[in-house]
Amino acid sequence: MPTRYTFPDNFLWGAATAAYQIEGSSMADGAGESIWDRFSHTPGNMKDGDTGDVACDHYNRWREDIEIMKRLNLKAYRFSVSWSRVMPDGTGRLNEAGLAFYDQLIDGLLEAGIEPLCTLYHWDLPAALDDRGGWLNPEIADWFADYGQVLFERFKGRVKTWGTINEPWVIIDGGYLHGALAPGHRSAFEAVIAAHNVLRAHGAAVKRFREVGEGRIGIVLNIEPKYPASDKPEDEAARKRAEAQMNRWFLDPLMGRGYPEELKDVYGEAWREFPAEDFDLIRQPTDWMGLNWYTRAVPENAPDAWPVRARPVKQIQHAHTETGWEVYPPALTDTLVWLHEQTNGLPLMITENGSAWYDPPHAINGRIHDPMRVDYLTNHLKAAHDAIGRGVNLEGYMAWSLLDNLEWSLGYSKRFGITHVNFQTQERTIKDSGLLYADVIRTHGAVL
Ligand code: LGS
């Protein structure tokens, strides 16, 4: 019987991961090094000196992980391909063993009736390309399209939904502006140029897809809505800067609107103009858009906060996750409605949503109780449902993450999984949140 939270029959329920965070064996069987291998092996970059050398050992345990997906009733699985596993030098020569790994994974998913959603780039740039300037080198648009073509042709007919780049903003903010993520640079000049090349690479890959690929392609953006801290004009100006720098820097040019005006103010002498033809490349029509969503922010004016001059005000009246992010589900509904308007009704998918909490260290009687994650999941699914009710064309929801995994520079200290991983034994245990999710999927949301 339909209840208030019944989702459409064809709603795509899934879970997401990324190659470097789960696979391990990143240098096995002829793979090349990525910037994350280098970054994580450089002392001082990673919490507790963690690396992705083993991670969830998914490279060897993918069959077991598909069994877990089956127990979760997943209809879809979003994963990323490690560029340097399939192209060790980033361009040219292919590594057949690397391609074969993804072949097997995709075939296994299809046999299990789970739709593979493939992301081309989730942050693990081949180190060989970083040696040639990485995202700063304009040639990267062609390198990326060539890499994309290899996957488009190889997985044709098996992968139907493609994502080009995961979270351009985080690549730039973490990799080139604040340096917390690989390759760890800290320069506004670099950030402005690298961001532009990320967008050009996306455009070049979409163009190539139209020539040689089959199915649907889009990009995955992180959006963190910015709410007013006060009605002071300087706070409103700060809010607008923060919104432009995080949420519209990539979205606006993708939608053919060029860069937001505010970026000139944010970057000052580091800002530069780019040729009109670049914007034509960037604005390629796409078939869908992915939204990664975790929290909102309430920024206030902060002249000393480089470079945006805005700082979030902590909302102490609400819960915060273990990573310190406010839990505020209504903002997910607002973001979906906003994005629906901004993209003129493009089909949207929540490609990541999830939370890290203080989970028990190991299973007791085969169970991992994670009540805060259950609560977070429940309320964000309800918020997503509200957005559908408000006319948003929302096609699916991917929980972040299928497994506890390497949370980038935070190492294994933060657990986002709906499945617990014991990193000593590699034993997997579906958490209470995973059990709930399986029920939600089975009942199309009726248990919510
Ligand atoms: O593991 C990553 C998840 C975890 O949280 C995943 O690989 C990324 O795609 C994604 O960026 N992820 C993520 N993002 C949350 C960002 C929230 C930022 C809030 C900052 C408040 C101070």
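Values in this text are rule-based calculations from the coordinates and carry no lab data. Worth saying up front: this structure is predicted, and the values here are computed from it rather than measured. Reconstructed Cβ throughout: ideal geometry from the backbone, glycine too, with neighbour counts over all protein chains shown.
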Contour minus Cα-Cα distance for GLU67 and ASP48 (0.36 nm per residue):
3.7 nm
Taking a ≥ b ≥ c as the square roots of the eigenvalues of the Cα gyration tensor of segment 227-327, is the shape rounded (a/c under 1.5), prolate (a/b larger than b/c) or oblate?
oblate
Identify all aspartates and glutamates with a Cα-Cα distance to LYS264 below 13 Å; exclude those on the same chain that are fewer than 8 residues away in sequence.
GLU273
Using the per-residue mean of other Cβ atoms lying within 10 Å as a proxy for protection, in what order, highest first, do the peptides 355-365, 197-207 fall?
197-207, 355-365
In whole Å, largest first, the alpha carbons of segment 1-109 cover along the principal axes 55, 34, 24
Calculate, for THR6 and ARG93, the FRET efficiency according to 1/(1 + (r/R0)^6) with r their C-beta to C-beta distance and R0 60 Å; round to the nearest 0.05.
0.75
Does the chain classify as rounded, prolate or oblate by the C-alpha gyration tensor (a ≥ b ≥ c root eigenvalues; a/c under 1.5 gives rounded; else a/b over b/c gives prolate, otherwise oblate)?
rounded
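Between HIS41 and THR425, what length in nm is gained on full extension when 0.36 nm per residue of separation is reduced by their alpha carbon distance?
The HIS41-THR425 span can extend by a further 136.0 nm.
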ASP107-GLU322 pseudo-label distance in nm [points 7 Å out on the Cα-to-Cβ vector]
3.7
Could you work out the relative contact order of segment 31-89, using alpha carbon pairs under 8 angstrom and six or more residues apart, expressed as a whole percent?
54
What full-extension length gain, to one decimal in nm, is calculated for GLU273 and GLU234 as 0.36 nm per residue of separation minus the Cα-Cα distance?
11.4 nm
Which net charge results for the neighbourhood of PRO303, defined as the other residues with beta-carbon distances under 13 angstrom from its beta-carbon, given Lys and Arg at +1 and Asp and Glu at -1?
-2
Listed pairs LYS160/LYS382; LYS47/LYS70; LYS75/LYS156; LYS70/LYS207; LYS226/LYS314 exceeding 23 Å between Cα atoms:
LYS160/LYS382; LYS47/LYS70; LYS70/LYS207
Approximate spin-label separation ALA180-LYS264, in nm, with each point projected 7 Å along Cα-to-Cβ
3.0
